[in-house]
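Everything below concerns the one structure shown next.
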Amino acid sequence: MIREAFKALWEYRIRAILTLSILAFGITALIGILTSLEALRTFIARNLAGLGSQAFSLSGGKSGFQIRIQTRRGRFSMGGEGEPIQLWEAARFEEKWSYPHSRISRHIPISFSLQAGYGGRRTPPQLRVTGIDPTYFQIQEMRLAQGRFFTPLEVSHHLPLIVIGSEVARQLFPYESPVGKWIQVGRHLYKVIGVLKRRGSLFGFSLDWECFVPWTRAFRSVASPTVSLYIGAPSVEAVPALMQVARQTMREVRGLRPHQEDDFSLLRGEQLADFALEQLRTVTLATIGISLLTLFGAALTLTNILLVVVKERTQEIGIRRAIGATQGDIRRQFLSEAVMIAVIGGAGGILLGLLIGNVVALLIGGNFVMPWKWVLLAVALSGAVGVLAGYQPAREASNLNPVDALRYE
């Protein structure tokens, strides 16, 4: 049966190629988009959660707008009319904090668009410089390629030290070690004491352009410093309880009454990841719907082409019936040809879709993705399209009168 199907497809190869190309286009759209979304989903889960799966931030600030988001990990807000965290509030919070095996770091952003220079070399104006405590490196699980991190004593003495990203080091020091050198960042001079290992990118922003200085130095460098706290938990399971403790502690620091709402924000990296992933689920459902419509159109086209093929092969059908083929044999023959076209077209679409999806994964900095559930779905859909598209033509072919079929010209 399969040999006969291949033989028939070869005889009508031009039409078969056109037919399976239509189906392959629909499957390519399905697998390509879903593979890209799967790569993006993996990338988000790894990077956003990786911003601190055992950590969260405590921040305030009058941003003028507020976004409240509900995810399966709870409700959180970004922005809003919360009061900025003052330095004395951060110090008071740390005094009251007593959760065992946890870590706290102050976090003061200086700028997101500074330029660094050394000798005659300069970086693009895209450095993100942040003031932190040394514990921030531990909370974010950063690793060094060269040098060391600054110490609490150096932070307390406001020393002009800096730990630079790997891309900054590559731009300014292509032929020598940056450790011990003084570089100019914006209008200030800093001594390089460490270089971070390559960290990759997040949503098109390279993490290797980030630089870190003692928060005490950052506090002096910014006209209106914005203080936030990064808190690391001893384990992932302890984070929800730790967030509640942090919330209660900050309410005590600010003297908020029970009926008053929080005027600060608690944000965990995984909450933001969950929000992004939930938006991707909506996009995924929309993609599946559009792809199914494309496949439905491909099935109709395949049906019409197969009906034409049946008409052209009427005499062949008559000869087969004359030498003993039953209606079931004819039906199975044409149905197997339809399924064969659908399977070949589906396989080509799957391969092309995987290629397109993984090119997207490569461009966003993700890894190779093999979305088995979507591949299996595509295989099932290909077979279903073949059966549905081939049923009516196979039925018409099997119902032809042998005598009339032999007389057909």
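The values are calculated or read from the model by the stated rules, or taken from the named source; none is laboratory data. All values derive from a computational prediction rather than experimental measurement. Heads up, the Cβs are rebuilt from the backbone with ideal geometry, glycines too, and the neighbour counts pull from every protein chain shown.
Quick notes on this structure:
- Residues considered: Ala347, Ala286, Ala322. Of these, the only one that is surrounded by fewer than 14 Cβ atoms within 10 Å (Cβ to Cβ), within 29 Å of the chain's Cα centre (by Cα) and of a type in the set (Gly, Ala, Ser) is Ala286.
- Counting only residues that are closer than 24 Å to Thr301 by Cα and touching a helix residue (DSSP H, G or I) at 6+ places or on another chain (Cβ under 8 Å), region 333-376 holds 22 of them.
- Looking only at region 8-49, and only at residues there that are surrounded by fewer than 18 Cβ atoms within 10 Å (Cβ to Cβ) and small (Gly, Ala, Ser), the one that is modelled with the highest pLDDT: Ser21
Residue-wise test of (1) touching a helix residue (DSSP H, G or I) at 6+ places or on another chain (Cβ under 6 Å); (2) more than 16 Å from Ala218 (Cα to Cα).
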| residue | (1), (2) |
| --- | --- |
| Ile132 | yes, no |
| Ile139 | no, yes |
| Gln146 | no, yes |
| Val155 | yes, no |
| Gly165 | yes, yes |
| Gln171 | no, yes |
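- Region 170-200, subset of a type in the set (Gly, Ala, Ser) and surrounded by fewer than 17 Cβ atoms within 10 Å (Cβ to Cβ), residue nearest to Pro134 (Cα to Cα): Gly180
- Counted residues, region 147-169 - those being outside any helix (DSSP H, G or I), touching a Ser or Thr at 6+ places or on another chain (Cβ under 9 Å) and surrounded by fewer than 17 Cβ atoms within 10 Å (Cβ to Cβ): 2
- Total residues in region 228-251, condition exposed (fewer than 12 other Cβ atoms within 10 Å of the Cβ) and touching a residue at least 12 places away in the same chain (Cβ under 8 Å): 1
- Single condition Gly120 does not satisfy, out of (1) without any contact (Cβ under 8 Å) to a residue 12 or more places away in the chain; (2) in contact with a Ser or Thr (Cβ under 8 Å, 6 or more places away or on another chain): (2)
- Where Pro225 falls short, out of the listed (1) surrounded by fewer than 14 Cβ atoms within 10 Å (Cβ to Cβ); (2) part of a loop (DSSP other than H, G, I, E, B): (1)
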